[in-house]
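S.K.: Got a structure for you, written out below as structure tokens; questions coming shortly.
The values are calculated or read from the model by the stated rules, or taken from the named source; none is laboratory data. On a predicted model such as this, the values are computed, not experimentally measured, just so you know. Here the Cβ is made from the backbone with ideal geometry for all residues, glycine too, and neighbour counts use every protein chain on show.
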Amino acid sequence: MDQIELSYDLYIGCARSNDIVHCRLNAQSGFLSKVSHLALPDVQKFGGTLPLAISPEGQHLYAACRGEPHAIHTFLIKNNGALVHQKTTNIEKNLAYIWASKYDDILYSASYVDHDISLYQIDNDHTIGKSPISANIGAHSHMFRSIKRDGQMFAFASSLGSDQICMWSAAPFIKHAALEQPDTTLQLAKGTGPRHIGFHPTLNFIYVIGELNGTITAIQYTQNKLTVQQEMLLSACLYNPRNDIAAADIHIRHDGQFLYASEKCSSTIDVFALNEKGAMSHVQTVQTEERPRSIALTRDSVFLIAAGQSSNHIACYAIHPHSGHLTFKSRLKVGKSPDWIELRPV
């Protein structure tokens, strides 16, 4: 990444205060500052979490209300980063995850409560269409998104309750107005609880964080096969009872050299080095905000942001370019129960 960023707009979903907090990250110092906050309109009951997704061009933000009524809110992002509410699309699903595709006009989503995944059309005005295409892939779906590798589209979904990873290997994954069955399904060990997936930027590898057993599973994928290559335990598993584990989020540095994973019960972030073949080795554990449900890397992988669901703060860490180690830079109080982070360069 040759471009030097001067600052980032951060958008923090805070479920218990029903708002999105707009913050600014100084990309030179790592200093965090609060700009404003905006409540979701017409919410009768707050949800447990507030999933967010930023559009590929960085000009729209989508927020999924898990309270009442269930809805996807579309916000226009102005040049100064301010949010302007554009539309509320009421939906039937309680969405735990959303992702705006950079490859087509689709919002990918997963519903933990409804046990399914869905595709929502993003209309010409960048708002969300009302009728999704949905499919049940197992209990407690938790993530669904696509990637492109060597010109080919793949999509992956996690089923936390069924301990499965599903893969589709042919776009657009839709036939006769229905979501096609996965091309491949990988059964993980019982009690893994696959939650979120990290994607290697160059290798055909995904890395799955197991919420229930605190594992990171490296999986190689081909056109029609998923193969487990390695499994590592988070450091929290070494000193916490196994039933006191709640692994949460996972991201991979843009150059594919380091992986970052959060665990809520110990309030830690683990750093793993990735070699040229995608193999993991543990290099660092840092204490962070209480219950870090969400972490995010800046586009240039210079900083990591962690959101503490129980501390009501976010924290910024500098990422060492060679060792991948995290160094604390600043923290900032935001709303209640911050659980999702989206960012864009200014």
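S.K.: Could you look through segment 216-242, keep only residues that are closer than 24 Å to I305 by Cβ and crowded, with 21+ Cβ neighbours inside 10 Å, and pick out the one that is farthest from the chain's Cα centre (by Cα)?
M.R.: A236
S.K.: Out of I117, I137, report the one residue that is in contact (Cβ under 8 Å) with a residue 40 or more places away in the chain, in contact with a Ser or Thr (Cβ under 8 Å, 6 or more places away or on another chain), farther than 13 Å from I72 by Cα and part of a strand (DSSP E or B).
M.R.: Exactly one of I117, I137 is in contact (Cβ under 8 Å) with a residue 40 or more places away in the chain, in contact with a Ser or Thr (Cβ under 8 Å, 6 or more places away or on another chain), farther than 13 Å from I72 by Cα and part of a strand (DSSP E or B), namely I117.
S.K.: Okay, next question. Taking the residues in segment 185-211 that are β-branched (V, I, T) and part of a strand (DSSP E or B) as candidates, determine which candidate is surrounded by the most Cβ atoms within 10 Å (Cβ to Cβ).
M.R.: Across segment 185-211, the extreme among qualifying residues is I209.
S.K.: Within segment 16-30, work out how many residues are touching a strand residue (DSSP E or B) at 6+ places or on another chain (Cβ under 6 Å) and not in a strand (DSSP E or B).
M.R.: 3
S.K.: Out of the residues in segment 252-263 that are of a type outside the set (A, V, I, L, M), more than 14 Å from F205 (Cβ to Cβ) and touching a strand residue (DSSP E or B) at 6+ places or on another chain (Cβ under 7 Å), which is surrounded by the most Cβ atoms within 10 Å (Cβ to Cβ)?
M.R.: The residue in question is S262.
S.K.: When residues of segment 75-97 are filtered for being surrounded by 23 or more Cβ atoms within 10 Å (Cβ to Cβ) and either within 14 Å of Y120 (Cα to Cα) or in contact with a Cys (Cβ under 8 Å, 6 or more places away or on another chain) (or both), how many remain?
M.R.: 2
S.K.: Within the set of pairs 6+ apart or on separate chains, which have a first residue in segment 152-181 that is closer than 20 Å to L203 by Cα, a second that is assigned to a loop (DSSP other than H, G, I, E, B) and at pLDDT below 85, and C-beta atoms under 6 Å apart?
M.R.: M153/A171; A155/F173
S.K.: Please indicate, with yes or no, whether at least one residue in segment 243-252 is touching a residue at least 60 places away in the same chain (Cβ under 8 Å), within 22 Å of the chain's Cα centre (by Cα) and assigned to a strand (DSSP E or B). Walk me through how you get there before you give the answer.
M.R.: Here is the first cut: in segment 243-252, the residues touching a residue at least 60 places away in the same chain (Cβ under 8 Å) are none.
No, because not a single residue in segment 243-252 is touching a residue at least 60 places away in the same chain (Cβ under 8 Å), within 22 Å of the chain's Cα centre (by Cα) and assigned to a strand (DSSP E or B).
S.K.: Collect the residues in segment 135-172 that are of a type in the set (S, T, N, Q), surrounded by 18 or more Cβ atoms within 10 Å (Cβ to Cβ) and modelled with pLDDT under 95, keeping them in residue-number order.
M.R.: S146, S169
S.K.: As an exercise: evaluate P182 against (1) part of a loop (DSSP other than H, G, I, E, B); (2) more than 17 Å from H115 (Cα to Cα) and give the number of the one condition it does not meet.
M.R.: (2)
S.K.: Suppose the filter is in a loop (DSSP other than H, G, I, E, B), under 15 Å from V208 (Cα atoms), of a type outside the set (K, R) and at pLDDT 95 or above; does G335 pass it?
M.R.: No, not satisfied.
S.K.: I'd like the full set of residues that are in a strand (DSSP E or B) and surrounded by 22 or more Cβ atoms within 10 Å (Cβ to Cβ), limited to segment 297-316.
M.R.: F303, L304, I305, A306, A307, G308, I314, A315, C316, listed by residue number.
S.K.: Output the number of the condition that R331 fails; it satisfies all remaining conditions of (1) under 22 Å from G47 (Cβ atoms); (2) touching a His at 6+ places or on another chain (Cβ under 7 Å).
M.R.: (1)
S.K.: Quick check: is even one residue across segment 44-58 surrounded by fewer than 19 Cβ atoms within 10 Å (Cβ to Cβ) and more than 19 Å from the chain's Cα centre (by Cα)? Spell out the reasoning first.
M.R.: Our first condition is that a residue be surrounded by fewer than 19 Cβ atoms within 10 Å (Cβ to Cβ); within segment 44-58, this holds for 44-45, 48, 56-58.
From what's left, more than 19 Å from the chain's Cα centre (by Cα): 44-45.
Checked against the condition, which is being surrounded by fewer than 19 Cβ atoms within 10 Å (Cβ to Cβ) and more than 19 Å from the chain's Cα centre (by Cα), segment 44-58 yields at least one hit.
S.K.: Could you check, for segment 77-84, whether at least one of its residues is without any contact (Cβ under 8 Å) to a residue 12 or more places away in the chain, more than 22 Å from F173 (Cα to Cα) and in a strand (DSSP E or B)? Give the steps one after another, and end with the answer.
M.R.: Taking segment 77-84 as the starting set, the residues that turn out to be without any contact (Cβ under 8 Å) to a residue 12 or more places away in the chain are 78-80, 84.
Checking which are more than 22 Å from F173 (Cα to Cα) leaves us with 78-80, 84.
Imposing the further condition that a residue be in a strand (DSSP E or B) reduces the set to 84.
The answer is yes; a qualifying residue exists.
S.K.: List the number of the failed condition for F31; all other conditions in (1) within 28 Å of Q257 (Cβ to Cβ); (2) crowded, with 18+ Cβ neighbours inside 10 Å; (3) in contact with a Cys (Cβ under 9 Å, 6 or more places away or on another chain) hold.
M.R.: (2)
S.K.: Is at least one residue of segment 31-51 touching a Ser or Thr at 6+ places or on another chain (Cβ under 6 Å), at pLDDT 95 or above, under 18 Å from A315 (Cα atoms) and not in a strand (DSSP E or B)?
M.R.: Kept after step one, since they are touching a Ser or Thr at 6+ places or on another chain (Cβ under 6 Å), are these residues of segment 31-51: 31-32.
Then keep just the ones that are at pLDDT 95 or above; that gives 31-32.
Filter once more, so that each one left must be under 18 Å from A315 (Cα atoms): 31-32.
If we keep only those that are not in a strand (DSSP E or B) too, we end up with 31.
Yes; the residues of segment 31-51 include at least one that is touching a Ser or Thr at 6+ places or on another chain (Cβ under 6 Å), at pLDDT 95 or above, under 18 Å from A315 (Cα atoms) and not in a strand (DSSP E or B).
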